[in-house]
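Everything on this sheet refers to the single structure shown next.
The values are calculated or read from the model by the stated rules, or taken from the named source; none is laboratory data. Given the structure is predicted, the values throughout are model-derived calculations rather than measurements. Virtual Cβ from ideal backbone geometry, glycine too; neighbours counted across all protein chains shown.
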Amino acid sequence: MDQILDLPFEVALVALFAVVMVRVNATYWIGRGAAAGMERTRFARALHRPKASKAQALIQRFGPYAVVLTFLTIGLQTAVNLAAGAGRMPPSRYLPAAILGSGIWAFVYATIGLAAMEAWLAVMAASPLAAVLLVLSLAGLAVAVVIRRRRRTAVAPEDTVV
C-alpha cells in the first residue's frame, strides 16, 4: 500500500483501476465457469450462500446497473460479480458495467480512500492504543445497529400501531 501512496495521483488511479479490473473480471469468469459445470465441486457452495443469493436477486432486477452500484459498497462487490458470471450475464453487458464501476472505485479510492488510509496509518503510528479503541468503538456501533434492527424486525405485525 505504501507504494501506491507514494505514486502521483494519475498513476495511482491507473494502478488501482487495473487491479480492480483484474479482480472483478476474474471473479466474473469464475462465476461463469461455476455455472458451466463446476456445480459438483467445493466452489459451488459459494453460489448458494445468502450473499450470493442476494447478489443474484440484484443481478436479475438491475442487471449491469447492479454491477456498477456495487463498486460503491463494501462486501457485496465480489458476490455480485460472481453472480453476474454465474447468471451468465453477457460480456457485452458486463464489461461496460465493470469498466465504469472500476473507474468509479479507483477514483474514490485514489482520493478519499488513500487519504483515509494515510490518516489511519498516522493514527497507528502516533498511538496504537487510540487505533485499537477506534476499531472497538466502530465495532460496538455496528453491533448496536444490528441489534436494534433485529429487535425492530422481531416485533410481530399485530403488535405494531397503525
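Things to note:
- Residue within the stretch 109-131 that is small (Gly, Ala, Ser) and either in contact with a strand residue (DSSP E or B) (Cβ under 7 Å, 6 or more places away or on another chain) or closer than 16 Å to Met21 by Cβ (or both) present: yes
- Residue check for Val135: closer than 28 Å to Asp6 by Cα and without any contact (Cβ under 8 Å) to a residue 12 or more places away in the chain: yes
- The stretch 1-35, residues that are among the small types (Gly, Ala, Ser) and either more than 26 Å from Gly85 (Cα to Cα) or outside any helix (DSSP H, G or I) (or both): Ala12
- Within the stretch 98-127, residues that are over 20 Å from Glu10 (Cβ atoms) have Cβ atoms under 7 Å from residues that are exposed (fewer than 13 other Cβ atoms within 10 Å of the Cβ) in these pairs: Val123/Ala130, counting only partners at least 6 apart in sequence or on another chain.
- Total residues in the stretch 113-137, condition more than 16 Å from the chain's Cα centre (by Cα), at pLDDT below 85 and within 22 Å of Thr73 (Cα to Cα): 9
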